[in-house]
Amino acid sequence: MSNKTSVSRYLIAGAAFVILVAGIRAAGPLVVPFLLAAFLAVILIPLVRKLQRCKLPLGVALLVVVLLAGLLGAGAIAMVAAPITDLSARMPEITEGLQYQAERFELWAEEKDIPLPDADTLQASGTTAVTRIVTVMVQTVGGLISSTVLILILMLFMLLEAAHVPAKLRAGLGEASPALDRVGAIVTTMRRYMLIKTATSFLTGVLITVLLRILGVDYAVVWGLVAFLLNFIPNIGSIIAAIPAVVVALVQAEGGMFAVGWPLALATGIVFLVVNMLIGYVIEPRFTSRGLGLSALVVLISLVFWGWVLGPVGMLLSAPLTMSIKITLEGFPETRWAAVLMGR
């Protein structure tokens, strides 16, 4: 009887999970701004509390934090809005340039007697795939920019509510409730993870922008923003971020300190490799515990899953969302085994 009860419980839990995922996917346009606002609120709560410790009232502290976030968002929009618009208009030109480079590569392979299986089909499919990646990334960044005001408003109300959540939890669960300690540990761990990841992602974006500008790559600010966003995806985010920048470097009209074409594209790829090796394997491990890591398989599965549920923004949020689930599972003895399986 107990075995049947356990099976029924797992089936009910699985059915509830499927219904929940279907609901999130259907409400994706509404869910995405809420998730972005929630992650920003988690990052900014310590700043609000620090301002309160400086004798500022809660309302004033919230106003200062939201204005600061708004100014940073407005500055980012001012920096990338024009380049993104120009890049979108140049997509046909970039596609033609990529096709030209593919034809040159095909001729070079023929001169060297290097066989290419079905070269025409490979060239067409490769060009289409790379162009689609660039287009989706540009559209995703533009979509995030257009939602900035809504995200800031949601973040304000979440920060306002967060100030009263601890008191509500103590009143609802009781001062001596073990669940209260678990919730506090989950929130603290998640906040630390998000702060460190945001700082290292920001450093990645700045370094990419500066170095690509030195090389003379077009739209360096856009590629820095893309690198900042995709750095939240462990292991493969930096690879995805490098693709559009390398493509544009390959086909752009002027190559800065390098000749047009492959030398500049190669230098751009090296920049991404060096920066991400420096951040991911030297700087970030000094501040993050290895226990916070996700296995490579879990990262890949979460990328596909959240991308399917929430679209391109879901891919950007895949690592933080999966990290939130892992930390939540770690907080309860009954589900800690699942968190261990998700780890490295």
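For this structure, a couple of remarks:
Here is a yes/no grid of residues against (1) closer than 22 Å to Ile94 by Cβ; (2) modelled with pLDDT under 85:
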position: Ser238; (1), (2): yes, yes
position: Gln252; (1), (2): yes, yes
position: Val260; (1), (2): yes, yes
position: Gly269; (1), (2): yes, no
position: Met277; (1), (2): no, no
position: Arg290; (1), (2): no, yes
position: Leu300; (1), (2): no, yes
position: Thr328; (1), (2): no, yes
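- Counting only helices (runs of 4 or more DSSP H) that sit completely within the range 87-184, those holding 3 or more residues that are at pLDDT below 65 and open to solvent by 60 Å² or more (accessible area, probe 1.4 Å) correspond to 119-146.
- Residue within the range 6-15 that is open to solvent by less than 60 Å² (accessible area, probe 1.4 Å), free of Cβ contacts under 8 Å to residues at least 12 places away in the same chain and not in a helix (DSSP H, G or I) present: no
- Looking across the range 321-338, the residues that are surrounded by fewer than 19 Cβ atoms within 10 Å (Cβ to Cβ) and of a type in the set (S, T, N, Q) come down to Thr328, Thr335.
- Looking across the range 25-46 at every residue that is open to solvent by 50 Å² or more (accessible area, probe 1.4 Å) and either in contact with an Asp or Glu (Cβ under 8 Å, 6 or more places away or on another chain) or in contact (Cβ under 8 Å) with a residue 60 or more places away in the chain (or both), the one that is nearest to Ala199 (Cα to Cα) is identified as Leu40.
- For the range 199-236, the set of residues classified as of a type in the set (Val, Ile, Thr), at pLDDT 90 or above and under 27 Å from Ser295 (Cα atoms) consists of Thr204, Ile208, listed by residue number.
- Residue tally, condition modelled with pLDDT under 85 and either open to solvent by 60 Å² or more (accessible area, probe 1.4 Å) or under 20 Å from Thr198 (Cα atoms) (or both), over the range 302-315: 5
- Scanning the range 201-241 for residues that are under 26 Å from Ser302 (Cα atoms) and surrounded by fewer than 19 Cβ atoms within 10 Å (Cβ to Cβ) turns up Phe202, Leu203, Asn235, Ile236, Ile239, Ile240.
- Flag for Ala245 being in contact (Cβ under 8 Å) with a residue 24 or more places away in the chain, under 20 Å from Leu303 (Cα atoms) and in a helix (DSSP H, G or I): no
- Selection from the range 47-80 of residues that are over 15 Å from Leu160 (Cα atoms) and exposed (fewer than 14 other Cβ atoms within 10 Å of the Cβ): Arg53, Cys54, Lys55, Leu68, Leu71, Leu72, Ala74, Gly75, Ala78
- Filter result for Ser318 (open to solvent by less than 70 Å² (accessible area, probe 1.4 Å) and at pLDDT 80 or above): yes
- Qualifying residue in the range 46-58 (condition: within 20 Å of the chain's Cα centre (by Cα) and at pLDDT below 85): no
- Ile19 aliphatic (A, V, I, L, M) and either in contact with a Lys or Arg (Cβ under 9 Å, 6 or more places away or on another chain) or touching a residue at least 40 places away in the same chain (Cβ under 8 Å) (or both): no
The values are calculated or read from the model by the stated rules, or taken from the named source; none is laboratory data. Not measured: the values here are computed from a predicted model. Note that we place each Cβ from the backbone using ideal geometry, even for glycine, and neighbour counts take in every protein chain shown. Please note that ligands, DNA and RNA were not included when accessible areas were found on the heavy atoms of the full protein model with its side chains. Shrake-Rupley method; radii C 1.70, N 1.55, O 1.52, S 1.80 Å.
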